[in-house]
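Asks: Before I ask anything, let me first share the structure, which is written out below as structure tokens.
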Amino acid sequence: MTDFVGEIDQFLRRLFPICRSITGNGNRKTLSILNEIVPIVQYEVPSGSQVYDWTIPDEWNVSDAWISTPEGRRIVDFQINNLHLMSYSVPIQGRMDWTEIKPHLYIHSELPKAIPYRTSYYKRDWGFCVTHDQYAELERSGGNFEVVIDSELKSGSLTYGEYLLPGRSPQEILISCYICHPSMANDCVSGMLLTAFLAKHLENMENRNWSYRIVFVPETIGAIAYCAANEKVMEQIDMGLVITTVGGPGKIGYKQSWQKNHAINRMIEGVVGEFNKDFITYPFDIHGSDERQYSSLGFRINVATICKDKYYEYPYYHTSLDDLNFVKAEVIHQVLLLYIQLIQKFEQSFDSMGTYSFVEVLSETSDMSPVYRNLFPKCEVMLSKRGLYPSSGGAILPREDSWGELDKILSLLFYCDGKQSLATICRYLNIPLDEILSTAAMLEEKGLMEKVADE
Ligand code: ZN
């Protein structure tokens, strides 16, 4: 195939500086640039629309934002790096001293030179993300800062893109990426760019067996809105890919789909193993990207990810150091070739695809433990409106060794299908039953699950 490195590099440089969020003009501009690679149909979901348990928020756009000294020198400037402004910050204009501004400043605990990435989509707030030097300078300066956030939050819409490529069969493969992060090259830009080039490859492929559904959505709420708008067609999807973080210098890795014996995982192992035996396997877990929605109880699509420097795993994750020094077009191209090989495997295996069911993963048991059913099986429930999720986003990393409350909540909602007992689920997840009982009871009390048997 054609060597796209030069082209990828140009697009990378054009897409990187754009201020994106879950809504706003930056996303439309991003899709229209990607539209130069393949024809992407843009859809708008109006603010206030109900998508399962979620509501599409007001649209957010920013013109400018800064903190300047009394002399008018900008210490923090959105024009220099859009990560300086917490995403979804409300408009502000005024004079403030250090004590007023301090609670609205965010720094990275381990990387002094990095600007961290923070969001507050669903709680009206404002904030600036700064380096340690900027923080120290603000503290030293003491006060009478001019603080301006020239943003706008008003009824508008959430934008997503879609490109459908029909094949011989109506059975579909989903390819999804997210378009909602501001200036970070590996997390977000690399994924959507690779997806567009993969779509171009599929477009040029003659006699496709599978049909391909390629979507460009804001992460989480955009994927949820997509599922809600396409509930019926989602049933045609046999498996899928979430393409993200494909441009870093680290090792190739892949995140397994929720059923580890599913054919998609074996095919990926074949492809990445041929490329380099030394790849990382990340078993499925309930954190991650939009596979959380597509694989939720109501859809149960096996969705996997091949990446190079996977989100969560690299030190620059969700910071300004995830930039064009960290990510290279050559690397994105290298991973693109792996995805193209994977597509070949999909096409070759079209007639021999087996079907898999939940029962194969969890062995039947006769344990004496309750059976719960998630009452919101399609996509995740909105935990933050129930006080079960931190309202400021961007800083969440999954557990290392111990189970936090959020891990338990997400796991129960993912696995409690009304058939498997809690003991079975706990054995599968390798967590003691008595550590999860109170979480299950809490979710029942909150109206998120019901107990269908009390064995
Ligand atoms: Zn991210």
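The values are calculated or read from the model by the stated rules, or taken from the named source; none is laboratory data. Not measured: the values here are computed from a predicted model. A quick note on method: Cβ atoms are made from the backbone with ideal geometry, for glycine too, and the neighbour counts reach across all protein chains shown. Protein only, heavy atoms only, side chains kept; ligands, DNA and RNA dropped before computing areas. Shrake-Rupley method; radii C 1.70, N 1.55, O 1.52, S 1.80 Å.
Asks: Excluding Leu388 itself, calculate the net charge of residues whose Cβ lies under 13 Å from the Cβ of Leu388, where each Lys or Arg counts +1 and each Asp or Glu counts -1.
Replies: -1
Asks: Let me ask something additional. Place a point 7 Å from the Cα of Ile280 along the Cα-to-Cβ direction; which residues of region 251-265 have their backbone N under 13 Å from it?
Replies: Counting only backbone N, you get 251-256.
Asks: Restricting to DSSP H runs of at least four residues, report the calculated mean residue ellipticity at 222 nm for the chain, -39500 (n - 2.57) per run over all residues, nearest 500 deg cm²/dmol.
Replies: Per the formula, -8000 deg cm²/dmol.
Asks: Once phi is turned into θ = phi - 60°, what whole-Hz ³J(HN,Hα) does the Karplus curve with 6.51, -1.76 and 1.60 give for every residue of region 147-155, x standing for Gly and Pro?
Replies: Rounded to whole hertz, the list is 10, 10, 10, 9, 10, 9, 10, 8, 4.
Asks: Using only Cα positions of region 46-125, each an equal point scatterer, no hydration layer, compute I(q)/I(0) via Debye at q = 0.25 Å⁻¹ and quote the log10 values to two decimals.
Replies: Result of the Debye calculation: -1.39.
Asks: Along the Cα→Cβ direction, 7 angstrom out, place labels at Lys102 and Lys123. What is the inter-label distance in nm?
Replies: Between Lys102 and Lys123, the simple spin-label model gives 2.0 nm.
Asks: Moving to a separate point now. Please give the FRET efficiency for Gln236 paired with Thr55, using the beta carbon to beta carbon distance and R0 = 30 Å, rounded to the nearest 0.05.
Replies: Efficiency computed from Cβ-Cβ geometry: 0.65.
Asks: Please find the FRET efficiency linking Gln171 to Gln334, where r is the Cβ-Cβ separation and R0 is fixed at 25 Å, and quote it to the nearest 0.05.
Replies: My answer for the efficiency is 0.30.
Asks: For region 67-221, what number results from the quotient of the Cα radius of gyration and 2.2 N^0.38 Å?
Replies: In units of the globular-protein estimate, region 67-221 measures up at 1.41.
Asks: Something else about it: How far is it, in nm, from the label point at Asn207 to the one at Gln93 when both lie 7 Å from their Cα along the line to the Cβ?
Replies: In this crude spin-label approximation the distance works out to 6.5 nm.
Asks: Percent antiparallel among DSSP beta bridges with both residues in the chain, to the nearest 5?
Replies: Bridges in the chain that DSSP calls antiparallel: roughly 65 percent.
Asks: Further question on the same structure: When we measure straight from the Cα of Lys345, which lysines land under 25 angstrom away, once same-chain ones fewer than 8 places off are left out?
Replies: Lys200, Lys251, Lys255, Lys260, Lys277, Lys308, Lys310
Asks: How far is the Cα center of region 85-119 from the Cα center of region 149-186, in Å?
Replies: 28
Asks: Considering only protein heavy atoms, what is the solvent-accessible area of Arg427 at a probe of 1.4 Å, reported in Å² to the nearest 10?
Replies: 130
Asks: Let's test the formula: R0 of 56 Å, r as the Cβ-Cβ distance of Arg13 and Arg427. What FRET efficiency results, to the nearest 0.05?
Replies: Details: r = 50 Å, r/R0 = 0.89.
For R0 = 56 Å, the calculated efficiency reads 0.65.
Asks: Here's another thing I want to ask about it. Would you calculate the separation in nanometres between label points at Glu44 and Asp3, each defined as 7 Å from the Cα along the Cα-to-beta-carbon direction?
Replies: Going by the 7 Å Cα→Cβ label model, 4.3 nm.
Asks: Taking the chain as the reference, fit the longest principal axis to its C-alpha atoms, fit the long axis of helix 329-348 to the helix C-alpha atoms, and give the angle between the two in degrees, 0 to 90, nearest 10.
Replies: 20
Asks: Sorted by average packing, counted as other Cβ atoms within 10 angstrom per residue and highest first, what order do 90-99, 334-343, 32-41 take?
Replies: 334-343, 32-41, 90-99
Asks: Please give the net charge around Asn230, taking every other residue with its beta carbon less than 9 angstrom from that of Asn230, where Lys and Arg add +1 and Asp and Glu add -1.
Replies: Values: positive: Arg213, Lys232; negative: Glu162, Glu231.
With Lys, Arg at +1 and Asp, Glu at -1, the neighbours total 0.
Asks: Measuring from the lowest to the highest alpha carbon on each principal axis, how far does region 235-283 reach, largest first, in angstroms?
Replies: Largest first, region 235-283 extends 37, 19, 17 Å along its Cα principal axes.
Asks: Sort 12-18, 51-57 by the packing proxy (mean of other Cβ within 10 Å over each peptide's residues), most packed first.
Replies: Details: 12-18: 17.1, 51-57: 19.4.
Going from most to least packed, we get 51-57, 12-18.
Asks: Considering the convex hull of the alpha carbon atoms of the chain, report its projected area averaged over all viewing directions, in nm², one decimal.
Replies: For the Cα atoms of the chain, the hull's average projected area reads 21.8 nm².
Asks: Here's another thing I want to ask about it. Of Tyr339, Ala423, Ser211, which is farthest on the positive side of the dipole of the chain, counting Cα position, with +1 on Lys and Arg Cβ, -1 on Asp and Glu Cβ, and the Cα centre as origin?
Replies: Positive-most Cα among the choices belongs to Ser211.
Asks: Could you work out the local net charge near Lys123, counting Lys and Arg as +1, Asp and Glu as -1, over the other residues with Cβ closer than 15 Å to its Cβ?
Replies: So the surrounding residues net to +2.
Asks: Relative contact order of the chain: what whole-number percent is it, with Cα pairs under 8 angstrom and at least 6 residues apart?
Replies: Value for the chain: 17 percent.
Asks: Give a residue-ordered list of calculated ³J(HN,Hα) values for region 125-130 (Karplus: 6.51 cos²θ - 1.76 cosθ + 1.60, θ = phi - 60°; whole Hz; x for Gly, Pro).
Replies: For region 125-130, the Karplus curve yields 7, 9, x, 10, 10, 9 Hz.
Asks: Something else now. May I ask you to give the percent of accessible area on the chain that is carbon plus sulfur, with a probe radius of 1.4 Å?
Replies: Looking at the chain in its full context, I get 48 percent from C and S.
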